1. Taking GLN98 as the residue in question, decide whether it is within 20 Å of GLU77 (Cβ to Cβ) and open to solvent by 90 Å² or more (accessible area, probe 1.4 Å).
2. Just checking: which of the strands (runs of 3 or more DSSP E) contained wholly in the stretch 90-178 hold 1 or more residues that are among the polar types (S, T, N, Q)?
3. Give the residue, chosen from SER9, SER71, SER32, that is in contact with a Pro (Cβ under 8 Å, 6 or more places away or on another chain) and of a type in the set (S, T, N, Q).
4. Take the stretch 125-146 and flag every residue that is hydroxyl-bearing (Ser, Thr, Tyr) and more than 28 Å from ALA96 (Cβ to Cβ).
5. Would you point out which residue out of SER127, SER118 is in contact (Cβ under 8 Å) with a residue 60 or more places away in the chain, among the hydroxyl-bearing types (Ser, Thr, Tyr) and open to solvent by less than 80 Å² (accessible area, probe 1.4 Å)?
6. Name the pairs whose Cβ atoms lie under 7 Å apart, with the first residue in the stretch 66-90 and more than 17 Å from VAL160 (Cα to Cα), the second surrounded by 15 or more Cβ atoms within 10 Å (Cβ to Cβ) and of a type in the set (Phe, Trp, Tyr), and 6 or more positions between them or separate chains?
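The values are calculated or read from the model by the stated rules, or taken from the named source; none is laboratory data. Only a predicted model underlies this, so the values are computations on that prediction, with no experimental measurement involved. Methodologically, a virtual Cβ is constructed for each residue, glycine included, from the backbone with ideal geometry; neighbour enumeration extends over all protein chains shown. When the accessible area is computed, the model is the full protein with side chains, heavy atoms only, and any ligands, DNA or RNA have been set aside. Shrake-Rupley method; radii C 1.70, N 1.55, O 1.52, S 1.80 Å.
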Amino acid sequence: SVRQGDAPSLTLLEKGNIGQALPPRTGGGHLSAICTTLARWECHDGPGDTLKGLVKARDLCRSRGFVLYLSDFLEDEEGQLKILNEVRAQGHDVLAVQILDPFEADLPESGDFEFIDSESGERIKTSVESERADYKKRVDEWRQGLAQICGQSGILWESVTTDEAMVPVLRRLLSRAT
């Protein structure tokens with residue numbers, strides 16, 4: 001985008017607020033600052049108001065461009081998709097990446113585990129053998145459903161896990177966006 005004279009910006013959300021923002025600027029130095037900021041960013045688990053932060057970010061998108069949105073979509077997915085559709089209706093290209101922990105996407109083959117909800121702190125103990133197949137089916141259907149909804153809305157979608165390198169994922173998305 002820098003070679004085309006575009007002015008990229010960066011907005012990082014943290015618990016419903018803008019944690020860090022770099023306004024639109026041109027030049028390779030600014031792109032380097034965006035990359036450095038992303039590399040140093042640490043996201044903190046816990047409750048937050050995703051929709052509030054997403055609305056704030058939406059309101060910052062004044063000039064036509066593309067919006068890259070990274071989320072697990074575990075909290076109020078309908079609300080998130082509604083706002084992403086509003087961003088899309090403003091004329092932006094929207095690229096959504098769902099990022100899940102590998103254990104959120106597929107349970108281990110065997111073992112007894114205690115799962116802790118990172119937002120509520122609720123604990124659930126279970127033996128995964130009896131739950132694995134049904135869990136995998138429900139998660140796959142959920143991820144495919146999100147992909148279908150986004151596709152129908154013109155939002156480019158990828159669902160990945162944290163053990164996947166992000167650079168190839170972003171390249172795939174960006175190549176589909178052009």
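1. Here the answer is no, as GLN98 does not meet what is asked.
2. In the stretch 90-178, the matching strands (runs of 3 or more DSSP E) lie at 93-100, 123-127, 156-161.
3. Going through SER9, SER71, SER32 in turn, just one is in contact with a Pro (Cβ under 8 Å, 6 or more places away or on another chain) and of a type in the set (S, T, N, Q): SER9.
4. THR126, SER127, SER130
5. Result of the check over SER127, SER118: SER118.
6. Pairs found: GLN80/PHE73; LEU84/TYR69.
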